[in-house]
Amino acid sequence: MSAATCTYREAMRQALRQALADDPRVFLMGEDVGRYGGCYAVSKGLLEEFGEDRVRDTPLSESTFTGAGIGAALGGLRPIVEIMTVNFSLLALDQILNNAATLRHMSGGQVSVPLVIRMATGAGRQLAAQHSHSLENIYAHIPGLKVIAPATVTDARHMLAAALADPDPVIVFEHVMLYNADGPLDAVESVPLGGAAVRRPGRDVTLITYGGSLPKTLTAAEQLAGDGIEAEVIDLRCLRPLDDATIMASVGRTRRAVIVDEGWRSGSLAAEISARIVEQVFYDLDAPPARVCSAEVPIPYPKHLEDAALPQVDGIVAAARGVLGRG
Amino acid sequence: MSAATCTYREAMRQALRQALADDPRVFLMGEDVGRYGGCYAVSKGLLEEFGEDRVRDTPLSESTFTGAGIGAALGGLRPIVEIMTVNFSLLALDQILNNAATLRHMSGGQVSVPLVIRMATGAGRQLAAQHSHSLENIYAHIPGLKVIAPATVTDARHMLAAALADPDPVIVFEHVMLYNADGPLDAVESVPLGGAAVRRPGRDVTLITYGGSLPKTLTAAEQLAGDGIEAEVIDLRCLRPLDDATIMASVGRTRRAVIVDEGWRSGSLAAEISARIVEQVFYDLDAPPARVCSAEVPIPYPKHLEDAALPQVDGIVAAARGVLGRG
Amino acid sequence: MAPLPDAGTAHALLRHMLRIRAFEDACAEQYSATRIRGFLHLYNGEEAIAAGIIPLLDAADAIVATYREHGHALVRGVDMGAVMAEMFGMQEGCSRGRGGSMHLFDAATRLYGGNAIVAGGLPLTVGLALADAMQQRPQVSVCFFGEGAAAEGEFHESLNLAALWKLPALFVCENNQYAMGTALARSEAETDIHLKARSYGLASAAVDGMDLLAVREAAQTAIDHVRGGHGPYLLECHTFRFRAHSMFDSQLYRDKTEVARWRARDPIDLFEREARSLGLLADDARTALQAEVDAEVAAAVAFAEAGTLEPVDRLTHDVYTDTPA
Amino acid sequence: MAPLPDAGTAHALLRHMLRIRAFEDACAEQYSATRIRGFLHLYNGEEAIAAGIIPLLDAADAIVATYREHGHALVRGVDMGAVMAEMFGMQEGCSRGRGGSMHLFDAATRLYGGNAIVAGGLPLTVGLALADAMQQRPQVSVCFFGEGAAAEGEFHESLNLAALWKLPALFVCENNQYAMGTALARSEAETDIHLKARSYGLASAAVDGMDLLAVREAAQTAIDHVRGGHGPYLLECHTFRFRAHSMFDSQLYRDKTEVARWRARDPIDLFEREARSLGLLADDARTALQAEVDAEVAAAVAFAEAGTLEPVDRLTHDVYTDTPA
Ligand SMILES: Cc1ncc(C[n+]2csc(CCOP(=O)(O)OP(=O)(O)O)c2C)c(N)n1
Ligand SMILES: Cc1ncc(C[n+]2csc(CCOP(=O)(O)OP(=O)(O)O)c2C)c(N)n1
Ligand SMILES: [Mg+2]
Ligand SMILES: [Mg+2]
């Protein structure tokens, strides 16, 4: 099925371009998405192609341009709001939680908020403690939102369209370490918004992950295979709602699970997945699900400490061996 | 030990009064804490007693007066910032996460932020979807913060002093349904900041909870006792760091756990506790830990729907019976 | 500039104000009777603002208001029974009973809430105006907010963005002098809210919010400006709430003489007097209208009382649009 | 008003600027050599602001800056070696290597960061000023921030709160015309940032930020105002960054002629010329200073190169104050 390869950034840009071309209600708005081409160069060229009306540079006002995205969605448009990174999205969290996620239910179903909010997430570029957060679980905790984390080039290319087609607010997390990653762009027309994907089949242990940790987890699975351990790798793709069926089918079979999540360990999405596994397939488990998460520290600048703070291949391998009693 | 009874509100007010009286560096700042006496009347009378310098009404500017609290702490004071409710605290979350929680580590240990932030939390007063959140897990997820949830009159009376004595930022959650609750004020001089408390001993099942769910959980334990089920009730008191030792000692003994948490279920603190239990005492468990959480909806206004959305005694009893196989 | 209203209009305007006043008083009663719960922010004293502005809007214009929005909903044409039923938590309410007093919605008249996060409605309004502008619709989006909201960062951000993009938004500051217990001078270093518009090159004005005709005139100017494509506008209306912030508070934060001074300028009385002196209103018009309005309120209460509760099994419906109905 | 500096001071001021310039150029080199990583925001072109203001402060005054703060740290007296080591991620760095370029801290000189959330430093400054005021200390807290920050809500909230409480805070807007790729006129409806002070009844001024003596004079006025108990002050300095926003960007968002126009007003050259013409500086002073400064920079790089990495087992230390050392 692989027709070609491209970078994640290029795939995302194609997705944006197509969205803008296909639907006049779609527009992109955020800091430096236009002239500058996006802080991670994702939207480069789109201003020139679609003009200032459709590709809008905003002032530094996260709360207001996000809230304006909500209002524009109420007004019949299909806004794509880019918040440069999840770190700054806290400034807009009130709007996202108290308005975007809430308006429909609170109004008795009278209004919908068809809004897409994209943001970069994660560490690995030595950007230190105010630029390296993985706060996915804060968003995955909020009813009324859908939360996705495309981890492959193909998902980057197609999940945006699925998000735009959804009538409700969708948060899109793009891990900063994926932008430069090259990968196959599968010759598909679309991908669904929800549903996890089994990225590698295996029978001995299930490794569950998403976003920027997928490549590391696949590498870990390779290494484990060298040891005769066949790990199944699940890419969650959608963090809210979670695809329990795919997870439980796998863990029910492998009887062992490791969850890899770049969020801080305490209160992480990994905890939610662990809790669900135990609630749903407890009696099938041969070992408690293990978590590989970030250390509970503000992510430091120097490479050796940043590396030490984040989930790494070694840690994933060790955790998998641990749940297999081969630690 | 019970010397007297008073309301939770009165206990908290006494705690504030003592803090202001004992340490000239302490001051209280927030919306309507002065003239109005606090939106939940907690600080009534303090302005008159301590004056405008020590009890400061702020404009509606959550981000800035919280950030000013951080700066004042850097400058040698011991601010107590009141954010009316956790619902509005999202406007200040950037300051709390990116500054209060981060400055010490990021500066290589050069500065501390001895700041206390109090906020009301929770539902039950029919205040609808923008005033009823329980977002404790968002805060409990953040390294650099300590998070407490006094649930008894005695804890309300004394945990504030412990929080102020701590050199790092402490978030204090006060559940709105507790303010009017009367309870014994134990004749103690102080209580520790950390450490869970066993509020009721029992051998059959451990019920783990905190804050506004404690009274409901104790009532459920009473009902269970009527059925011959002896439930141990743990009040977490401190949500970050969690007191694993107390939890595991209990669950290791009872072999069964139910976690009661008013937060939305997915991504809840209850998930973290479930994950820890499984990680630490998996082989002692006779059943998977169960969670009783809020329904994943913006909390609606009408009483029957609000009640249906929140953890209730019946649901706790049913969950306990469920993990005992007596569902 | 708005011409003086004709007699029919004057009648209608008085009626709007009387409806609000009677409705709010009924709400207070129903709150005491524990049929209304939660917070309840009444609009008594501020009627001339909603009544002065909203009738000047087109049906397709959009409105965003605060938790103190009963009056806006009523003037906008939301059925009084549906509003009262909402406060009773009945599914016949305008938000299906889920929102209560603070969250009145009505998609049909483009009332986008009832927003209870102070200043939270301003960005929404900017977006609604943006949607109109981008779709070349000649609409105005109006945001009502209290003077307390002017201290929030979103006030600053929203006025800047609206001005920068020349959006058709009208920002109406209902300056009732207090944010809960905090007097304006204790929360703003510069208490003339409309002057803050200069920071954004925004057109603005201040008006006596107790004087319905003055509000109406200022609003017409503002709406013409916005609809004419000249960008957003900030209109500050000086007013006063006659009751407590929410249902109960001891009001120790304000002086009885201050309250009395404002009460002496009751917007309903002021307008009635002026309209009569202008010959726009018969001497017994108010009495007749009052009877009419009281009957409407009584019917609204009856409607709410006869309301039904949303079935509990619908609790999770409409969290998402595709939730099975 | 500040008197003209004497010859010694002029010498010191030129030295400050040359140190910054040389340091920043060295950073760029070290970045290309991959010894510095992450974001790197250089201050070339803006030197006259830090050099014009910071030497006027008391040792006990506090400073909060942004991610573009190397110059501020250097002028404040943080050891150049410790700053370079910080950028190398070495534990000999002024933040133990944990912060990097964006998070320079120095408790000894009351430099409270290096804040990389745009506008995030303003509330901190308000609090630092509040602490001084409440403890009756005669200090000034100075916040440096870019003109991009003026659009954020915290700018509005912080100026209001500081003015309302008459706090001893000096807000210095380093208006370098661009926020990343966004020109001021594309982000602010009113581009005179200092005029926004009117919304808070705040004293303010704008000054040519390329003219060190003008900055110094304006800063002295501002500091005197603040230290004199007259409340906060907003000082806008018009300037320009000569390099890209962070280490690399194609700078397509700005015109080469615009860059050239500003470069022609290089603050170092301007000051050198003026000081010489005033007889404050010998003709060969700059050459001599440059050699001195180059040596200092070389030593700083050597110091950083000789630095050591913080042991990995210390990763979790100082998340909390009581973490075992
Ligand atoms: C962000 C936020 N902070 C605090 C509150 C609590 N609160 C509700 S109304 C109010 C006062 C608002 O005053 P103003 O804007 O003047 O409106 P008014 O009530 O006078 O109409 C406050 C502090 C809130 N709802 N939202
Ligand atoms: C809240 C927030 N939003 C966005 C960013 C990303 N960002 C970093 S610097 C910058 C531009 C800031 O411009 P300005 O305030 O003018 O300062 P300058 O870089 O020009 O010195 C942006 C958008 C950020 N760090 N913080
Ligand atoms: Mg008000
Ligand atoms: Mg700039």
Handout entry: Filtered residues of the stretch B:59-82 (kept if more than 7 Å from chain D (Cβ to nearest Cβ) and within 16 Å of ligand 3 (Cβ to nearest atom))
Key = B:LEU60
Practice task
Please tell me if D:GLY201 is of a type in the set (Gly, Ala, Ser), at pLDDT 95 or above and farther than 23 Å from D:ALA48 by Cβ.
Solution key: yes
Exercise for the section: Please state which of the following conditions C:THR316 fails to meet, knowing it meets all the rest: (1) within 14 Å of chain A (Cβ to nearest Cβ); (2) assigned to a helix (DSSP H, G or I). Expected result: (2)
Practice task
Please state which of the following conditions D:ALA60 fails to meet, knowing it meets all the rest: (1) within 20 Å of D:CYS237 (Cα to Cα); (2) touching a Lys or Arg at 6+ places or on another chain (Cβ under 8 Å); (3) within 14 Å of chain B (Cβ to nearest Cβ).
Solution key: (1)
Practice task
Evaluate the following for B:GLY267: is it within 24 Å of B:GLY212 (Cβ to Cβ), touching a strand residue (DSSP E or B) at 6+ places or on another chain (Cβ under 7 Å) and either within 14 Å of chain C (Cβ to nearest Cβ) or surrounded by 22 or more Cβ atoms within 10 Å (Cβ to Cβ) (or both)?
Solution key: no
Problem - Of the criteria (1) small (Gly, Ala, Ser); (2) over 25 Å from B:ILE299 (Cα atoms); (3) touching a helix residue (DSSP H, G or I) at 6+ places or on another chain (Cβ under 8 Å); (4) more than 16 Å from ligand 3 (Cβ to nearest atom), which one C:SER187 fails - result: (4)
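Yes or no, residue by residue, for (1) more than 20 Å from C:LEU184 (Cβ to Cβ); (2) in a helix (DSSP H, G or I); (3) more than 16 Å from ligand 2 (Cβ to nearest atom):
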| position | (1), (2), (3) |
| --- | --- |
| B:GLN18 | yes, yes, yes |
| B:ALA21 | yes, yes, yes |
| B:GLY37 | no, no, yes |
| B:ILE80 | yes, no, yes |
| B:MET84 | no, no, yes |
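Among helices (runs of 4 or more DSSP H) lying entirely in the stretch B:229-327, which contain 1 or more residues that are over 30 Å from C:VAL312 (Cβ atoms)?
B:244-254, B:269-281
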Completion exercise
A careful count of residues in the stretch C:201-214 that are part of a strand (DSSP E or B) and acidic (Asp, Glu) gives 1
Exercise for the section: Being more than 30 Å from B:ASN99 (Cα to Cα), crowded, with 23+ Cβ neighbours inside 10 Å and either in contact (Cβ under 8 Å) with a residue 60 or more places away in the chain or away from chain C (no Cβ under 11 Å) (or both) narrows it down to one of A:ARG199, A:ARG203, A:ARG104, so name that one. Expected result: A:ARG104
Practice task
Would you check if there is a residue in the stretch B:10-17 being surrounded by fewer than 24 Cβ atoms within 10 Å (Cβ to Cβ), more than 29 Å from A:GLN95 (Cβ to Cβ) and touching a Phe, Trp or Tyr at 6+ places or on another chain (Cβ under 6 Å)?
Solution key: no
Exercise for the section: Filter the stretch B:301-311 down to residues that are in contact with a helix residue (DSSP H, G or I) (Cβ under 6 Å, 6 or more places away or on another chain) and in contact (Cβ under 8 Å) with a residue 40 or more places away in the chain and give me whichever is surrounded by the fewest Cβ atoms within 10 Å (Cβ to Cβ). Expected result: B:PRO311
Exercise for the section: Can you confirm whether the stretch B:124-137 contains a residue that is without any contact (Cβ under 8 Å) to a residue 40 or more places away in the chain, surrounded by 24 or more Cβ atoms within 10 Å (Cβ to Cβ) and hydroxyl-bearing (Ser, Thr, Tyr)? Expected result: no
Fill in the blank from the handout: Going through (1) more than 9 Å from chain D (Cβ to nearest Cβ); (2) under 30 Å from B:LEU305 (Cα atoms) one by one, B:LEU97 fails only at (2)
Problem - Condition broken by A:PRO184, with the remaining ones in (1) crowded, with 16+ Cβ neighbours inside 10 Å; (2) in a strand (DSSP E or B); (3) not small (Gly, Ala, Ser) satisfied - result: (1)
Exercise for the section: Please specify each residue of the stretch C:109-152 satisfying the condition of being facing chain A (nearest Cβ under 7 Å), of a type in the set (A, V, I, L, M), in contact (Cβ under 8 Å) with a residue 40 or more places away in the chain and within 16 Å of ligand 1 (Cβ to nearest atom). Expected result: C:LEU124
Handout entry: Hits in the stretch D:71-95 - residues which are of a type outside the set (S, T, N, Q) and within 10 Å of another protein chain (Cβ to nearest Cβ)
Key = D:GLU86, D:MET87, D:PHE88, D:GLY89, D:MET90, D:GLY93, D:CYS94
Practice task
Can you confirm whether the stretch C:208-217 contains a residue that is under 24 Å from D:ALA151 (Cβ atoms), away from chain D (no Cβ under 11 Å), within 16 Å of the chain's Cα centre (by Cα) and in contact (Cβ under 8 Å) with a residue 40 or more places away in the chain?
Solution key: no
Fill in the blank from the handout: Over the stretch D:190-200, the set of residues touching a helix residue (DSSP H, G or I) at 6+ places or on another chain (Cβ under 6 Å) and part of a loop (DSSP other than H, G, I, E, B) is D:GLU190, D:THR191
Problem - Filtered residues of the stretch C:215-237 (kept if crowded, with 22+ Cβ neighbours inside 10 Å and not in a helix (DSSP H, G or I)) - result: C:PRO232, C:TYR233, C:LEU234, C:LEU235, C:GLU236, C:CYS237
Exercise for the section: State which residue is farthest from A:LEU77 (Cα to Cα) when the search covers only the stretch A:23-35 and only residues that are acidic (Asp, Glu) and within 14 Å of ligand 2 (Cβ to nearest atom). Expected result: A:ASP32
Practice task
Scan the stretch B:118-141 and give yes if some residue there is facing chain D (nearest Cβ under 9 Å) and of a type outside the set (Ser, Thr, Tyr), otherwise no.
Solution key: no
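So if I check each of D:ARG68, D:ARG98, which one is within 11 Å of another protein chain (Cβ to nearest Cβ) and charged (D, E, K, R)?
D:ARG98
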Practice task
Would you check if there is a residue in the stretch D:200-207 being within 16 Å of ligand 4 (Cβ to nearest atom) and more than 20 Å from the chain's Cα centre (by Cα)?
Solution key: no
Handout entry: Tally of residues being part of a helix (DSSP H, G or I) and not basic (Lys, Arg) across the stretch B:101-117
Key = 3
Fill in the blank from the handout: When A:GLY144 is run through (1) part of a strand (DSSP E or B); (2) under 30 Å from B:ALA129 (Cβ atoms), the failure sits at (1)
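The values are calculated or read from the model by the stated rules, or taken from the named source; none is laboratory data. Keep in mind it's a predicted model, so treat the numbers as computed, not measured. Every residue, glycine as well, gets a Cβ built from its backbone with ideal geometry; the counts of neighbours run over all protein chains shown.
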